[in-house]
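Quick notes on the structure that follows.
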Amino acid sequence: MRTRIAALALAAAALAVAAPAFSDNGYPGNDGGQNAGGQSWQGKNDGGSGWLGGDTAAKPVGAIIVANPIDLDTITSISLFRSCAGHDYSGIDAQGKRETDRSMKHYVNSSIAAGDADALHGYAPFAGTVTTQPETDPIGQQVWVTSKSGWALVFFHGDPLVKPGTKVKAGQPVVAWPAKNIFDYFKAAGRYPPTITTVDVAFRNGATVDSFLLHMAPKVAAMWAAKGFTPANSIVSQQARDAAPCNGVYDWNNQSNFVSATG
């Protein structure tokens with residue numbers, strides 16, 4: 001068994017830095033290449049796999065992201081919105097349609113080593129209130145920054161930098177990765193830890209989910225475009241995903257799920 005695990009770890013390490021293998025519960029690790037997805041409805045935690053819950057679409061919101069939410073210097077790739085990477089994270093889209101069996105968030109890969117705790121920072125994209133939630137996979141915590149409109153940017157698996165309930169201004173540091181407990185978690189689980197840092201980020205209001213790339217002020221959008229990430233190349237349309245469903249298979253090693261940085 002140990003020989004098989006070690007072989008899988010070496011195979012994953014041989015892939016490009018932008019594509020660590022995904023563990024069987026949706027967090028990147030060097031213990032395999034695929035997540036069969038679809039565990040259960042997420043309920044309160046919103047950290048597992050499946051439908052986010054609820055059937056009411058949120059009110060539309062414009063370009064409210066006025067500060068860059070993540071340091072971009074070390075970013076190597078991001079997953080497509082509606083990709084088949086990670087796990088099922090689906091809900092109501094911006095047009096009010098319920099979508100299923102797709103990842104409606106972005107995974108952001110960084111060249112920062114997984115052992116460099118808290119080296120990568122995330123920032124409040126707008127003025128709002130910080131709350132935290134435990135993760136289903138207990139690596140770090142979810143850090144939510146929620147605006148007055150109800151729309152929130154959710155950072156997963158990070159170490160909070162402010163206390164829950166804190167009112168923050170746009171641009172204020174609120175979360176850091178890799179989480180300090182990442183190696184303890186993988187050691188306790190008997191699995192190989194990831195070699196690089198992966199951050200997953202969702203933009204949502206209740207069950208309504210959208211790509212954060214569509215809600216950036218021009219100056220922030222320009223920063224991401226300079227790295228090669230735009231709505232045109234980083235979002236799969238609802239119609240395209242319906243025509244090519246994930247079918248419960250979420251393959252972290254399939255490069256078609258990602259856009260590589262160019263800047």
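The values are calculated or read from the model by the stated rules, or taken from the named source; none is laboratory data. Since this is a predicted model, take the numbers as computed values, not measurements. In this analysis, Cβ positions are derived from the backbone assuming ideal geometry, glycine residues included, and neighbour counts consider all displayed protein chains.
Of all residues in region 88-129, exactly one satisfies the criterion of being among the β-branched types (Val, Ile, Thr) and either touching a helix residue (DSSP H, G or I) at 6+ places or on another chain (Cβ under 6 Å) or surrounded by fewer than 16 Cβ atoms within 10 Å (Cβ to Cβ) (or both), namely 100. Restricting attention to region 137-155 and to residues that are crowded, with 19+ Cβ neighbours inside 10 Å and among the β-branched types (Val, Ile, Thr), the residue that is farthest from residue 217 (Cα to Cα) turns out to be 139.
Going residue by residue through region 154-161, is there one that turns out to be in contact with a Phe, Trp or Tyr (Cβ under 6 Å, 6 or more places away or on another chain) and not hydrophobic (A, V, I, L, M, F, W, C)? Within region 154-161, one or more residues are in contact with a Phe, Trp or Tyr (Cβ under 6 Å, 6 or more places away or on another chain) and not hydrophobic (A, V, I, L, M, F, W, C). Determine if region 166-188 includes at least one residue that is among the aromatic types (Phe, Trp, Tyr) and buried (at least 24 other Cβ atoms within 10 Å of the Cβ). Yes; the residues of region 166-188 include at least one that is among the aromatic types (Phe, Trp, Tyr) and buried (at least 24 other Cβ atoms within 10 Å of the Cβ).
Taken as a whole, the structure places residue 163 among residues that are free of Cβ contacts under 8 Å to residues at least 60 places away in the same chain and out of contact with any helix residue (DSSP H, G or I) (no Cβ under 8 Å at 6 or more places or on another chain).
Within region 35-67, being in contact with a strand residue (DSSP E or B) (Cβ under 7 Å, 6 or more places away or on another chain), at pLDDT 70 or above and buried (at least 19 other Cβ atoms within 10 Å of the Cβ) holds for one residue alone: 65. In region 234-251, of all residues being outside any loop (DSSP other than H, G, I, E, B) and crowded, with 19+ Cβ neighbours inside 10 Å, the one that is modelled with the lowest pLDDT corresponds to 251. Among residues belonging to region 206-233 that are under 20 Å from residue 147 (Cβ atoms) and among the β-branched types (Val, Ile, Thr), point out the one that is modelled with the highest pLDDT. The qualifying residue modelled with the highest pLDDT is 220.
Grab the strands (runs of 3 or more DSSP E) fully contained in region 64-155, keeping just those with 2 or more residues being of a type in the set (Phe, Trp, Tyr).
Values: elements: 75-79, 106-113, 120-123, 128-134, 141-146.
Hits in region 64-155: none.
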